[in-house]
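Q: Let me give you the structure first, and then I'll get to my questions.
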Amino acid sequence: MKQPGQSLDTLYIQQALALAKKGLGKTNPNPMVGAVIVRGDSVIGSGYHHQAGKAHAEIEALRSINGPVSGATLYVNLEPCSHQGRTASCVEAIIAAGISRVVCSTLDPNPLVSGSGVDRLRQAGIKVSVGALDKEARALNEAFFGFHEKQRPFIAIKFAASLDGKIATASHDSKWITNDKARAIARNLRSQYQAVLVGVNTVIYDNPNLGTRLAGKPDPLRVILDSTLKIPKNSQVLRDNNVLVVTTQRAAEAKRKALSDRDIPLFISKGDKIQLREVMKELAKREIISVLVEGGGTVLGSFVDNHLVDKVYAFYGPLIIGGPSSVSAVAGSGATTISKSLHLTSLTYKSLDDSFMISGYPDDVHQ
């Protein structure tokens, strides 16, 4: 329902965004897109992008219409594509259908589109408006925008810590710091990212599943950083080949062969140490647009030290662990001064009974 002072363009773009969200976790490496088609005062068609390789939102919306389309307005949260990719060009279908006006929230950051879709529509005599709810549209597809703008996956780090910032005791006991509700939300986060990444010590001490364990939500690619291939053969993360073990030349050939014989994918980083930027470059080649880094503390610290953080999810339980040998949530070299530490902005707080979550984005000024 239209609110007082709200434009019709805003109303219909809100509907398009709501439709787009239905594709959460399913469209990668494509963005989430919804489309609404309006003729006169009535919505005559709508649709959203369900999955990469399937019809885009604009095509879904056009297919949903039984009557005439000529003269209608198309509302979509992202610029329509103008190139032949996994599917045909949406722009040409829009032109052929007789749409007279297109309202989109923002231009597509993908260089294969990046304004060419809007240009083609205007060349065909279609009126185009860009900018309606652009901030909301970018936020919905933050990983897609980050990937194309930074030429690497969008990287979020996540940890669950005690109030004094510990993720485990000195004996590596970590179950459980936060409550069931917090852990459920953390698992659900995995469904929103294409890959989840941990270091081998997390695998050794916790033997995590790293899956969503949610019906209808596919597991992300599991990325394991393991310089010398210490990973136990019976680790849950090696249950199938939806995994990428990253190692180095230091790993014994026999260990590499043992994993290869099980069809476990390997990526061998150059040099004696795993270079995170090299790993991110490799993931980008594999069309992985987003990564959720879950630990442990050394791995999280390495991402912070290398300025490879786009978002932070910090879960806290009502505990104080203490002790100089307990495990810190974020290790690494750390900041030399408070002014050089990782500052977060645009914070969100969520109360989860006796646990809570804080999420935010690094302030680029301090990066």
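The values are calculated or read from the model by the stated rules, or taken from the named source; none is laboratory data. Remember, predicted model here, so these are calculated numbers, not experimental data. Using ideal geometry, Cβ is built from the backbone for each residue, glycine included, and neighbour counts are taken over all protein chains shown. Keep in mind that these areas ignore ligands, DNA and RNA; they rest on the heavy atoms of the full protein, side chains included. Shrake-Rupley method; radii C 1.70, N 1.55, O 1.52, S 1.80 Å.
Q: Return the Cα extents of region 108-214 along principal axes one, two and three, sorted largest first, each rounded to a whole Å.
A: Computed over region 108-214, the largest-to-smallest principal extents equal 68, 28, 26 Å.
Q: Of the peptides 276-285, 73-82, 140-149, how do they stack up when ordered by the mean number of other Cβ atoms within 10 Å, highest first?
A: 73-82, 140-149, 276-285
Q: Using a simple charge model, +1 on the beta-carbon of Lys and Arg, -1 on the beta-carbon of Asp and Glu, nothing else, what dipole does the chain show about its Cα centre, in debye to the nearest 20?
A: Values: 43 positive and 33 negative charges, 130 e Å.
Roughly 620 debye, rounded to the nearest 20.
Q: Given points 7 Å out from each Cα along the Cα-Cβ axis, report the GLU282 to SER7 separation in nanometres with one decimal.
A: Result: 4.8 nm between the two label points.
Q: Leaving out ligands, DNA and RNA, and with a 1.4 Å probe, what % of the accessible surface on the chain is carbon or sulfur?
A: 50 percent
Q: Ranked from highest to lowest mean number of other Cβ atoms within 10 Å per residue, what is the order of the peptides 229-236, 215-222? Don't jump to the answer; show the numbers that get you there.
A: Details: 229-236: 14.4, 215-222: 16.6.
Ranking, from highest mean packing down: 215-222, 229-236.
Q: Report the calculated FRET efficiency for SER325 and ALA18 (r = Cβ-Cβ distance, R0 = 41 Å), to the nearest 0.05. Let's see the in-between values first.
A: Numbers: r = 49 Å, r/R0 = 1.20.
Plugging the Cβ-Cβ distance into 1/(1 + (r/R0)^6) gives 0.25.
Q: I want to check the label-to-label distance for PHE267 and GLN151. Put each point 7 Å from Cα in the C-beta direction and report it in nm to one decimal.
A: Result for the modelled spin labels: 1.7 nm.
Q: Given the -39500 (n - 2.57) contribution per DSSP H run of 4+ residues, what per-residue ellipticity at 222 nm results for the chain, rounded to the nearest 500 deg cm²/dmol?
A: So the calculated ellipticity at 222 nm is -7500 deg cm²/dmol.
Q: What does the highest-first list of 203-211, 103-111 look like by mean Cβ count within 10 Å?
A: Descending mean neighbour count gives 103-111, 203-211.
Q: Turning to a different aspect of this structure: Sort the chain into rounded, prolate or oblate with this rule: let a ≥ b ≥ c be the square roots of the eigenvalues of the Cα gyration tensor; rounded if a/c is under 1.5, and if a/c is not under 1.5, prolate when a/b is larger than b/c, oblate otherwise.
A: Prolate shape, in that a/c is at least 1.5 and a/b is the bigger ratio.
Q: State to the nearest 20 debye the size of the charge dipole of region 147-276 about its Cα centre, where the only charges are +1 on K and R beta carbons and -1 on D and E beta carbons.
A: Computed about the Cα centre, the dipole is about 80 debye.
Q: Next question. May I ask you to compute the full-extension gain from LEU163 to SER100, defined as 0.36 nm times their residue separation minus their alpha-carbon distance, rounded to one decimal in nm?
A: 17.0 nm
Q: Under a point spin-label approximation (7 Å from Cα along Cα-to-Cβ), what is the LYS233-ILE338 distance to one decimal in nm?
A: 5.3 nm
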